[in-house]
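This report refers to the structure that appears directly beneath it.
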Amino acid sequence: MKKKIIGLCVFLTLVSGCGKVPKLENGQEAIVTFENGEKISVDDFYETIKNDFGLQALITMIDTYVLETEFKDYIDTAKEQADAYVDAFIENYGGEDEFLQVLQQQTGYQTIDAYRSYWYLSMLQSHAIEEYAKSQITDEEIEEYYNNKAIGDMEIAHILITPDVDDDSTDEETEKAEEKAKETIKEIITKLDEAKKNNEDIEKTFSKLAKEYSEDDATKDDGGNLGKINYGDLDESYDELIDAAVKLKDGAYSTDVITTELGYHVILKIKSYEKDTLKNLTDEIKTILGTEYVNNNKDAGIKALQHYRKEYGMEIEDSEINKQYSTYIQNMLASLQESSSSN
């Protein structure tokens, strides 16, 4: 049975704790005492934080409960992802002490554990949004995608050239570096053309050139082989690479510069495979269309989280915070609408 979430009751439990707490004359528990006998009550504290940042704290608590309950099987994955993200920051800054100093200076987080908790919840929320988006995809949309867009896997090799730029590069330096990288790609294509003209084995030639030129350390020693790939296997920003591969026959290489976020590519289509059945591809197609749904609907994230909160009968019993929550949702949607209109 779905459970109801009642206001800030859990938060008050955390505030008041389980030890012996001084009482005011009216029976309220005191959270701070002074030597002259004055006290700050839990109720006073509650009213203050409720107005200052209580809503965000409450939303965090709500989503943590709802999403941990709804996606129990994803909890460990979310924790691992959050740990990996934060640990990468720690390594990048040279240690926990160094990172904590930056964290405290540049964010509102005072501990690394609090920052981990933020990313943990973010991973849960992202997963919830993805699952919600997939639930919006109809059988008709899945079948249409299968008939018109789904293709068989392709075994592809690539050679990657990245422009030699960094964050300090000027626009002129960046442009020159990009042109140089493109010229290198064209040089590789010319060598492949020569090998083809001389009836040389293109796959062996491509493998040799990959080892000589490619800046993808993960694949260059294997001749640039990416293995079997398809739409959805890589980030959508690499669709140009997939699009180019689809147009090639087996054994053919690209003759135009292919651009992705990584840099510039030459690809070789080694082998094509038959398209799998609709039944076997349904989950994969749902994921692809779900991603498109999120990209095309800016309010998908808000709607997804609202959906799961309502599924669990979430009601904010404190009328003031409930009003804040309604205003918060309305402002978020209005902001997204304004952003979409300006674009």
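What follows draws every value from the coordinates through simple rules; no lab data is involved. Note that this is a predicted model, so its numbers are computed, not measured. All Cβ positions, glycine included, derive from the backbone under ideal geometry; neighbour counts span all protein chains shown.
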Please list 3J(HN,Hα) in residue order for the range 142-158, calculated via the Karplus relation 6.51 cos²θ - 1.76 cosθ + 1.60 where θ = phi - 60°; whole Hz, with x for glycine and proline. 5, 5, 4, 4, 4, 6, 9, 10, 5, 10, x, 4, 10, 8, 10, 10, 9
Name the most mobile residue of ILE40, ILE137, ILE75, meaning the one with the largest mean-square fluctuation, in a Gaussian network model of the chain with Cα contacts below 10 Å. ILE40
When only Cα pairs under 8 Å and 6 or more residues apart are kept, what is the percent relative contact order across the range 152-272? 41
To the nearest 10 degrees, how steep is helix 171-197 against the longest Cα principal axis of the chain, on a 0 to 90 scale? 40
Starting at the first residue of the range 304-310, write each ³J(HN,Hα) from the Karplus equation 6.51 cos²θ - 1.76 cosθ + 1.60 with θ = phi - 60°, in whole Hz, x for Gly and Pro. 5, 5, 4, 4, 5, 4, 5
If you place +1 on the Cβ of every Lys and Arg, -1 on the Cβ of every Asp and Glu, and leave all else neutral, what size is the dipole of the chain about its Cα centre, to the nearest 20 Debye? 1140
Among LYS269, LYS204, LYS134, which one shows the highest mean-square fluctuation when the chain is modelled as a Gaussian network with alpha-carbon springs under 10 Å? LYS204
Computed helical MRE - 222 nm, the chain, DSSP H runs ≥ 4 contributing -39500 (n - 2.57), nearest 500: -19500 deg cm²/dmol
Candidate cut points under GluC sites (Glu not before Pro) in the range 240-337, DSSP loop plus at most 14 other Cβ atoms within 10 Å of their own Cβ, are GLU261, GLU274, GLU317
Which one, TYR231, TYR46, TYR293, has the greatest fluctuation when you compute a Gaussian network model over the chain with C-alpha springs under 10 angstrom? TYR46
Charge dipole (debye, nearest 20) of the range 94-209; +1 at Cβ of Lys and Arg, -1 at Cβ of Asp and Glu: 380
tail above 36 Å in the computed P(r) of the chain, as % of all Cα-Cα pairs, reads 44
Beta carbons within 10 angstrom, averaged per residue: use that to sort the peptides 107-114, 63-70, highest first. 63-70, 107-114
Would you mind checking which residues have amide H under 5 Å from LEU226's amide H? H placed 1.01 Å from N; only 5 or more apart, or other chain. ILE156, ALA157, HIS158
Considering all projection directions equally, how large on average is the shadow of the alpha-carbon convex hull of the range 152-272, in square nanometres? 7.4
As I understand it, the value is the acute angle between the Cα axis of helix 278-296 and the longest principal axis of the Cα atoms of the chain; what does it come to in degrees, rounded to 10? 70
